[in-house]
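Heads up, the thing below is written out as structure tokens.
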Amino acid sequence: MHTSRLLVRSGPILAAALALPAALAGPAAAASGISVSTTGSTVSVVTSACSQINGSWGNAALLTSKQANFSQGRQSALSGTSVSQSAAWRGVSPGTYTVVVVCSSGSTAGTQAVTVSSGSAPTTSSTTASTTSSAASPAASPAPSRGVLGGLGGAARDYGPLTLGIGAALVGSGVIATGWYLRRRSKPYRL
């Protein structure tokens, strides 16, 4: 009897815990994003979000802070396989740039800001992975200017308040369930 009551009471918590990964995987699976790296004065981008259409994977653009959209940037065609596509720019002068990747389908695979320094240790700054509808044209894709997404891992992904609230509720439920379980186990055995 005690075991069945415990299972009935813990059912909602278990259901919520099983639903959270599916809720978090939904948006993340849709936006695979891009990865940008720098080596000296070379900037390279890698993605797996694009598919080949009419022999083309898509294009990537390197935008300065003064350039507002994809067509103004220094463009490079993506090359690669169905697993990974890449593009690179050589001889990039020091500064902060935004890399935008637009697939041949017209959808944006992602954007990422990168800093090329004059020293021997270039750095990568704030990252965002975003997608737009496939009807968007490359010329209409503005470069994002979101700055550094600091705090609570925000530099990797910007989770909304609903996701953070659900996560906090699950953590709180886990703490309460643990306390309840330990309290029940510390009482003397009763018949």
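Derivation of every value follows stated rules applied to the coordinates shown; laboratory data play no part. Since we're looking at a predicted model, the values are computed, not measured. Please note: Cβ atoms are built from the backbone with ideal geometry, for glycine as well, and neighbour counts cover all protein chains shown.
Listing for the model above:
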| quantity | calculated |
| --- | --- |
| Loop-located trypsin sites (Lys or Arg not before Pro) in segment 44-98, at most 15 other Cβ atoms within 10 Å (DSSP) | K66, R90 |
| Per-peptide average of other Cβ atoms within 10 Å, ordering 41-52, 105-116 highest first | 105-116, 41-52 |
